[in-house]
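All of the numbers you see were taken from the coordinates with simple rules; none came from a lab. No experiment lies behind these values; they were computed from the predicted model shown. Note that we place each Cβ from the backbone using ideal geometry, even for glycine, and neighbour counts take in every protein chain shown.
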Amino acid sequence: ETGVTQTPRHLVMGMTNKKSLKCEQHLGHNAMYWYKQSAKKPLELMFVYSLEERVENNSVPSRFSPECPNSSHLFLHLHTLQPEDSALYLCASSQDPGLVQFFGPGTRLTVL
Amino acid sequence: GESVGLHLPTLSVQEGDNSIINCAYSNSASDYFIWYKQESGKGPQFIIDIRSNMDKRQGQRVTVLLNKTVKHLSLQIAATQPGDSAVYFCAENWAGGTSYGKLTFGQGTILTVHP
């Protein structure tokens with residue numbers, strides 16, 4: 001295991017639902033990330049937090065809302081998603097931005 | 001109209017063979033490179049990294065080679081085993097004028113090892 005956990009592992013939601021993805025890292029890292037992984041596409045960086053401050057918002061639609069209450073926890077709040085948002089959502093952490101990132105197992109999201 | 005999907009490069013080898021996975025990176029200013037392995041149903045797993053001031057680095061059964069002249073990175077896996085079957089990603093780190101670095105990932109190569 002990498003020391004990064006994500007819950008839930010699988011999520012099915014309707015377009016009008018509101019749900020949240022949770023990530024926790026047990027590595028003492030200062031930076032945390034959200035990525036989207038769609039089939040046959042490179043990993044897409046969504047958000048970067050460094051010392052609990054958002055330093056990157058990579059043109060992500062507002063229906064995705066991140067939250068970083070402390071350096072160990074990261075959330076991704078979801079509301080009024082679209083079917084094309086179905087993907088694997090990966091959380092990662094690193095000691096500092098720009099260093100090697102360690103990934104969680106991901107949440108497989110299906111939007112109906 | 002019909003959308004065209006992206007087809008990942010594939011590499012099939014026999015157990016015991018050596019494997020070489022290649023990656024072309026995009027930015028000559030990138031200063032740090034990482035190889036990841038992603039098995040089905042799992043997140044990417046760190047394999048090995050290399051900084052731009054090096055051209056070779058070895059780990060356990062793996063070697064990364066960096067050719068900055070042609071912006072090429074390769075991962076060599078010695079004595080490939082069925083458990084090595086996975087998608088392999090390279091990633092490059094470039095600050096891009098920001099105060100922090102960020103990783104840009106390649107599309108990945110599917111490695112299949114036949115017993």
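Numbers at a glance
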read-out	value
Residue that is nearest to the other protein chains (Cβ to nearest Cβ) [pool: residues in the range A:41-58 that are closer than 24 Å to residue A:10 by Cβ and in a strand (DSSP E or B)]	A:45
Hey, residue A:90 crowded, with 20+ Cβ neighbours inside 10 Å, closer than 18 Å to residue A:3 by Cβ and within 14 Å of chain B (Cβ to nearest Cβ) or not	yes
Failed criterion for residue A:36 (all others in (1) out of contact with any Asp or Glu (no Cβ under 7 Å at 6 or more places or on another chain); (2) within 12 Å of another protein chain (Cβ to nearest Cβ); (3) not acidic (Asp, Glu) hold)	(1)
The lone exception for residue B:43 - which of (1) assigned to a strand (DSSP E or B); (2) within 11 Å of chain A (Cβ to nearest Cβ) it fails	(1)
Qualifying residue in the range A:64-72 (condition: within 14 Å of chain B (Cβ to nearest Cβ) and either charged (D, E, K, R) or within 13 Å of the chain's Cα centre (by Cα) (or both))	no
Condition met for residue A:61 (part of a loop (DSSP other than H, G, I, E, B) and either facing chain B (nearest Cβ under 10 Å) or at negative phi (or both))	yes
Subset tally (residues that are within 12 Å of another protein chain (Cβ to nearest Cβ) and over 13 Å from the mean Cα position of the chain (by Cα)) for the range B:4-40	9
